[in-house]
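Below you'll find the structure, written out as structure tokens, and then a few comments.
The values are calculated or read from the model by the stated rules, or taken from the named source; none is laboratory data. Keep in mind that this is a model prediction, so the values were computed, not measured. Positions of Cβ are generated from backbone atoms using ideal geometry, with glycine treated the same way; all protein chains shown enter the neighbour counts.
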């Protein structure tokens, strides 16, 4: 790992203005820039840079994910989780409706088969 202290657009210095604990390294093995945070427990890796070079997106991402903005981040996560829950509920509702309609169609067409006593012998169970 190679620590980046100077770069073309002074991203590393500008990153320190957001929080002095951020630092940038380049991983020659992975061929990717990584932003690390010194005070983070466990691994210091905060995020990997998506581009092959350092640009303002690094600063934007660092600012957005900085500790100062944790309340906003938590509210975004909770909002996104609620949307996902609603989407999953709608999916389950549609899937249940589809299977129920299929069951009712089968029961209507093959009514003789669908007696409780013959439940173990039916193909749709």
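The table below gives the values:
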item: The stretch 1-24, residues that are surrounded by 12 or more Cβ atoms within 10 Å (Cβ to Cβ), touching a residue at least 24 places away in the same chain (Cβ under 8 Å) and either within 20 Å of residue 67 (Cβ to Cβ) or out of contact with any strand residue (DSSP E or B) (no Cβ under 6 Å at 6 or more places or on another chain) (or both); result: 7, 9, 11, 12, 14, 15, 18, 19, 22, 24
item: Selection within the stretch 25-56 - surrounded by fewer than 18 Cβ atoms within 10 Å (Cβ to Cβ) and assigned to a strand (DSSP E or B); result: 25, 26, 27, 32, 36, 45, 47, 48
item: Residue 82 touching a helix residue (DSSP H, G or I) at 6+ places or on another chain (Cβ under 7 Å) and either part of a helix (DSSP H, G or I) or modelled with pLDDT of 85 or more (or both); result: no
item: Single residue of the stretch 57-74 satisfying the filter (under 17 Å from the mean Cα position of the chain (by Cα) and loosely packed, with under 11 Cβ neighbours inside 10 Å) that is nearest to residue 26 (Cα to Cα); result: 70
